[in-house]
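Enquirer: Got a structure for you, written out below as C-alpha cells; questions coming shortly.
What follows draws every value from the coordinates through simple rules; no lab data is involved. These figures come from a predicted structure and were not determined experimentally. Don't worry about glycine lacking a Cβ; one is built from the backbone with ideal geometry, like all the others, and counts go over all protein chains shown.
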C-alpha cells in the first residue's frame, strides 16, 4: 500500500503538467510503457498526464514522484 503524502502528490502533478516529467522521461530514454509499468497505470494515462489532459491520482502520483526523484538523480 502506498502512503499518502500530499506534498509528493502535488509535486508529481506539477511535474506532469509543466513538462518536467516528460523531459526527464525522454532524457533518460524511457518509453511511456516503461513509466506506466512503474506507476501501475496504462500508458495512455501517462500520455494524458504529459499532455496536461489529466493529473495522476494519489497512488499513481506517489509512484510517479518516486520515479521522477530517481530520474532527477541520474541526470
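Enquirer: Condition test on residue 70, is it part of a helix (DSSP H, G or I) and either crowded, with 19+ Cβ neighbours inside 10 Å or touching a residue at least 12 places away in the same chain (Cβ under 8 Å) (or both)? Talk me through it step by step, then tell me what you get.
Expert: On the way: part of a helix (DSSP H, G or I): yes; either crowded, with 19+ Cβ neighbours inside 10 Å or touching a residue at least 12 places away in the same chain (Cβ under 8 Å) (or both): no.
So residue 70 fails the test.
Enquirer: Of all the residues that make up the stretch 27-48, how many are surrounded by 15 or more Cβ atoms within 10 Å (Cβ to Cβ) and either under 8 Å from the mean Cα position of the chain (by Cα) or on the phi > 0 side of the Ramachandran plot (or both)?
Expert: Number of matching residues: 3.
Enquirer: So, in the stretch 19-59, how many residues would count as being touching a residue at least 24 places away in the same chain (Cβ under 8 Å), outside any loop (DSSP other than H, G, I, E, B) and under 23 Å from residue 7 (Cβ atoms)?
Expert: Result for the stretch 19-59: 12.
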